[in-house]
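I have placed the structure first, in the form of structure tokens, so that the comments after it can refer back to it.
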Amino acid sequence: MKSLAIAVSGLRKAYGDKVVLDGIDFEVAAGSVFSMLGPNGAGKTTTVNVLATLLKADAGTVHVAGHDVATATKQVRAAIGVTGQFAAVDELLSGRENLQMMADLKRVESGEQLVSRLLERFDLAESADKMASAYSGGMRRKLDLAMTLVGNPKIIFLDEPTTGLDPRSRRAMWEIVRELVADGTTVFLTTQYLEEADQLADRIAVLDQGRLVAQGTPEELKRQVPGSHVRLRFADLDDLDTAARVLAGSTRDDQELTLRVPSDGESSSLRALLDRLDENMLNAQEFSVHTPDLDDVFLALTGNKSTEVSAQ
């Protein structure tokens, strides 16, 4: 079992009468990607700010990299890196100078060698001496993450790291995140792209109105939402009629000659369904299994459309 990078218990934060975090609990395994999803105002950025020692909690205990964020702030900050949805680079400096500045601030030994390695790793070597103001959005975001890695943090907080990026740049960032985790880094990710959480996260927590309404792997969350079904397409209406009679709870589409049969998607259920077709001498020309995606999960758990997910 992996050790814990983050452990949160009873975390509570309010601003006056407005409760932003209402006693949430979660754990993040070391060397994993943990994604927090939630609609506007759910409390995601507040959670990140507390974990990153930028904001004090009203109640609860929070341990990051084995240290209490309230009493060991210095040790926590030495173990983490934080990057937000807006790249925090100095546009009056080149990419190399931005990285060198971070290396100097963190008093990294062999800083020039580290800077060169990071420029290569993030495919910025050719643009290293250009002003950051000339960088594209994707390049700035990569430079920002490279700057975050100076000092070799154990845990990285990525608060909407791909907001506003084109699909190619977004996928490039995904690959970088996967490489970081493969090297043992822990990533705490908030994102407005549900596909991003589905692609990257080992575990997901859904935050709504200051409370965690669900936690689990992407597949576990999808199984919580009704809507899994098997879609069968038949050659003619006679076969469709027969199948509709023998498969209880199914929904038919006469024009498409298809039948939608509720199913949990597990192999035993699928085997039983196919056996039932064989018993009635029925043959489906097409057969496919459909399960809810994270959009369905998000909508079911929060009552919000995925487009309303944001960083707050």
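For the reader, a short list of remarks on this structure follows.
- From Gly41, Gly111, Gly60, residue being farther than 17 Å from Val150 by Cα and out of contact with any strand residue (DSSP E or B) (no Cβ under 6 Å at 6 or more places or on another chain): Gly41
- Residue check, Lys56 open to solvent by 30 Å² or more (accessible area, probe 1.4 Å) and either touching a helix residue (DSSP H, G or I) at 6+ places or on another chain (Cβ under 8 Å) or part of a loop (DSSP other than H, G, I, E, B) (or both): yes
- Yes/no for Glu27 being free of Cβ contacts under 8 Å to residues at least 40 places away in the same chain, within 17 Å of Ile155 (Cα to Cα) and of a type in the set (D, E, K, R): yes
- Boolean, Ala78 is aliphatic (A, V, I, L, M), surrounded by fewer than 18 Cβ atoms within 10 Å (Cβ to Cβ) and closer than 25 Å to Thr217 by Cβ: no
- Filter pass, Val213 being within 23 Å of Leu51 (Cα to Cα), open to solvent by 50 Å² or more (accessible area, probe 1.4 Å) and either among the β-branched types (Val, Ile, Thr) or under 9 Å from the mean Cα position of the chain (by Cα) (or both): yes
- Residue within region 104-114 that is touching a residue at least 40 places away in the same chain (Cβ under 8 Å), within 19 Å of Gly81 (Cβ to Cβ), open to solvent by 50 Å² or more (accessible area, probe 1.4 Å) and among the charged types (D, E, K, R) present: yes
- Restricting the first member to region 158-184 and to residues that are over 16 Å from Val33 (Cα atoms), and the second to residues that are open to solvent by less than 10 Å² (accessible area, probe 1.4 Å) and in a loop (DSSP other than H, G, I, E, B), the beta-carbon pairs closer than 6 Å and six or more apart or on different chains are Arg170/Thr162.
The values are calculated or read from the model by the stated rules, or taken from the named source; none is laboratory data. Note that the coordinates shown come from a computational prediction; the quantities given were computed from them, not determined experimentally. Please note: Cβ atoms are built from the backbone with ideal geometry, for glycine as well, and neighbour counts cover all protein chains shown. These accessible areas exclude ligands, DNA and RNA; they are computed on the full protein's heavy atoms, side chains included. Shrake-Rupley method; radii C 1.70, N 1.55, O 1.52, S 1.80 Å.
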